[in-house]
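The values are calculated or read from the model by the stated rules, or taken from the named source; none is laboratory data. None of these values were measured; they are calculated from a predicted model. Every residue, glycine among them, receives a Cβ derived from its backbone with ideal geometry; neighbour counts consider all protein chains shown.
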Amino acid sequence: MDGAAARIEDEVPAGAALVDLVQAMADRPIAIGQIGQTLDGRIATVSGHSHYVNGEGALDHLHRLRALVDAVVIGAATLAMDDPALTTRRVPGPNPVRVVLDPSGRALADRKLFTDGQAPTLVVGPYAPGHSERLDCGASPGRVLAALRERGLRSVLIEGGPRTLSAFLQANTLDRLHLLVAPKILGSGKPGILLPEAATMAAALTPHVTTYRLSEDLLFDCRFTSREA
Ligand SMILES: NC(=O)c1ccc[n+]([C@@H]2O[C@H](COP(=O)([O-])OP(=O)(O)OC[C@H]3O[C@@H](n4cnc5c(N)ncnc54)[C@H](OP(=O)(O)O)[C@@H]3O)[C@@H](O)[C@H]2O)c1
């Protein structure tokens, strides 16, 4: 592809990726992973500082994803470090049900998800602090998705962090991965995806990828065709 063609492809706005996603959601339950990273694949500094890796366009895109899905899943470390609200406050649209994977029961009761009343919160773990409810299913990705679907939560966003996202990727449960890449190089920090060591390049996952521009960032919309019916 020559330079001019590459630039034209990059100008396709990310809304087109969402239209495609909505069409897929109409057909069947869907699980979408998202991760925001630097050019060198870092999602946070070594100490865990991650606000913000990506620019405003990518943040809007993440909030639009939240508005489209029924539920958003995060891991216990993200709850502890970021205290996210997981709402759609940057865009119009309903807040999703919020789900925390906390099998060791370390979630702090003062977190926004348990206190702000913005949307229901489910906890996969031994305790359900504040205004939350236990989802009694075990933390394996397949079981979590099955339990959510039993409740009618058919479209699910796996928002992070890396350990949670990678568990869903490794378990072959993701239909899509929205990889948001910021034009920054950190040179140190936490990697976005963690899978078992690959012996050769033949072990690499090879999703079908479409690229969109999100102001200064790029969205890599990765489609795992083996998951499609
Ligand atoms: N850039 C981004 O897009 C983005 C998005 C979200 C978060 N973050 C950053 O990511 C960092 C935290 O990520 P992280 O990878 O360290 O942790 P994490 O994925 O947020 O949480 C990991 C923990 O969640 C529990 N868990 C998740 N999935 C599980 C499973 N399938 N089975 C059993 N337990 C499971 C475990 O808790 P226990 O160990 O207690 O059992 C695990 O240690 C923070 O720095 C945050 O700022 C970045």
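Points to keep in mind about this one:
- Subset of the stretch 128-159 (residues that are of a type in the set (Gly, Ala, Ser) and either at negative phi or touching a Gly at 6+ places or on another chain (Cβ under 7 Å) (or both)): Ala128, Ser132, Ala139, Ser140, Gly142, Ala146, Ala147, Ser155
- Single match in Ala71, Ala77 (criterion: surrounded by 23 or more Cβ atoms within 10 Å (Cβ to Cβ) and not hydroxyl-bearing (Ser, Thr, Tyr)): Ala71
- Extreme residue, farthest from the chain's Cα centre (by Cα), among residues of the stretch 142-163 that are near the ligand (Cβ under 10 Å from one of its atoms) and in contact (Cβ under 8 Å) with a residue 40 or more places away in the chain: Val144
- Restricting attention to the stretch 124-135, the residues that are surrounded by fewer than 16 Cβ atoms within 10 Å (Cβ to Cβ) and not in a loop (DSSP other than H, G, I, E, B) total 2.
- Residue among Arg42, Arg89 that is touching a Pro at 6+ places or on another chain (Cβ under 8 Å) and either near the ligand (Cβ under 8 Å from one of its atoms) or modelled with pLDDT of 95 or more (or both): Arg42
- In the stretch 103-123, the qualifying residues are those that are part of a loop (DSSP other than H, G, I, E, B) and touching a Leu at 6+ places or on another chain (Cβ under 7 Å), and the one that is farthest from the ligand (Cβ to nearest atom) is Arg111.
Table: residues versus (1) surrounded by fewer than 16 Cβ atoms within 10 Å (Cβ to Cβ); (2) farther than 19 Å from Tyr52 by Cβ.
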position: Ala167; (1), (2): no, yes
position: Ser188; (1), (2): yes, no
position: Thr200; (1), (2): yes, yes
position: Ala203; (1), (2): yes, yes
position: Pro207; (1), (2): no, yes
position: Leu218; (1), (2): no, no
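- Selection within the stretch 136-172 - part of a loop (DSSP other than H, G, I, E, B) and in contact with a Leu (Cβ under 6 Å, 6 or more places away or on another chain): Ala139
- Scan of the stretch 62-102 for residues that are among the charged types (D, E, K, R) and either under 20 Å from Val19 (Cβ atoms) or in a loop (DSSP other than H, G, I, E, B) (or both), ordered by number: Arg64, Arg66, Asp70, Asp83, Arg89, Arg90, Asp102
- For Ala31, the criteria (1) more than 8 Å from the ligand (Cβ to nearest atom); (2) outside any helix (DSSP H, G or I); (3) at pLDDT below 95 hold in every case but one, which is (3).
- The sole residue among Ser166, Ser215, Ser188 that is under 15 Å from the mean Cα position of the chain (by Cα) and among the hydroxyl-bearing types (Ser, Thr, Tyr) is Ser166.
- Here Ala229 clears all of (1) modelled with pLDDT under 95; (2) under 16 Å from Phe168 (Cα atoms) except the condition numbered (2).
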